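Single-structure report; data block below.
Laboratory data are not the source of any read-out in this text; all were calculated from the coordinates shown. Keep in mind that what you see is a predicted model, and the values were worked out from it rather than measured. For neighbour counting, all protein chains shown are included, and Cβ atoms are generated from backbone atoms with ideal geometry for every residue, glycine included.
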């Protein structure tokens, strides 16, 4: 079935969310300032974690955890990355499951165009976008409950 015929068939079925591929450049459209900010933030967090490891005392970077004692939805991210770098994939997943899955999905989202020359595009109706937002919110809340209970 051709792509045009497939898109027409999906439109007639009324799917609220569609994931389609379209030709794209092999490099993602991310500004240099975003890349620099992410790299600098990662280096800062890893340096602080390394300092805490060397001194033997835990340095709490997360302000929510420092003020309330409760982990934030991103807590465990640094330990997850360190576990991934040392090859402990199962440990990395259990430090923060949502962040782990998000990292893998982002790698695929940005890696696919580099490998194939096609990018994913999400097309959704108004209801579809609301459903995606609610699903994302529910995932964050469920992950946070897991982190608090852990």
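Spacing of the modelled spin labels on residue 142 and residue 36, each 7 Å from Cα toward Cβ, amounts to 3.9 nm. For the chain, the longest principal axis of the C-alpha atoms and the axis of helix 97-116 are separated by about 50°.
One chain, two ends: residue 19 and residue 45. Fully extended at 0.36 nm per residue, the span grows by 5.9 nm beyond their Cα-Cα distance. Its Cα gyration tensor gives the chain an equivalent ellipsoid, and the semi-axes of that ellipsoid, as √(5λ) in whole Å with the largest first, are 36, 20, 13. Helix 32-55: angle to the longest alpha-carbon principal axis of the chain, degrees 0 to 90, nearest 10? That works out to roughly 30 degrees. Whole angstrom only: what separates the Cα centroid of region 69-84 from the Cα centroid of region 46-61? Using only Cα atoms to place each centre, the spacing works out to 13 Å.
What the Kirkwood sum gives for region 34-82 is a hydrodynamic radius of 11.7 Å, with every pair of different alpha carbons counted. Under a plain spin-label model, where a point goes 7 Å from the Cα along Cα-to-Cβ, how far apart in nm are residue 131 and residue 104? In this crude label model, residue 131 to residue 104 measures out at 2.4 nm.
Sorted fewest first by neighbouring Cβ atoms within 10 angstrom, 127, 110, 100 come out as 127, 110, 100.
Comparing 103, 40, 64 in a Gaussian network model of the chain, where Cα atoms under 10 Å apart are tied by springs, the biggest mean-square fluctuation is seen for 40. Structure remark: mean-square fluctuation, Gaussian network model of the chain, C-alpha springs under 10 Å; the largest value among 107, 56, 77 belongs to 56. Considering only 78, 125, 55, the Gaussian network model of the chain with Cα springs below 10 Å gives its largest mean-square fluctuation to 55.
Relative to the longest principal axis of the Cα atoms of the chain, the long axis of helix 126-149 makes an angle of roughly 20 degrees.
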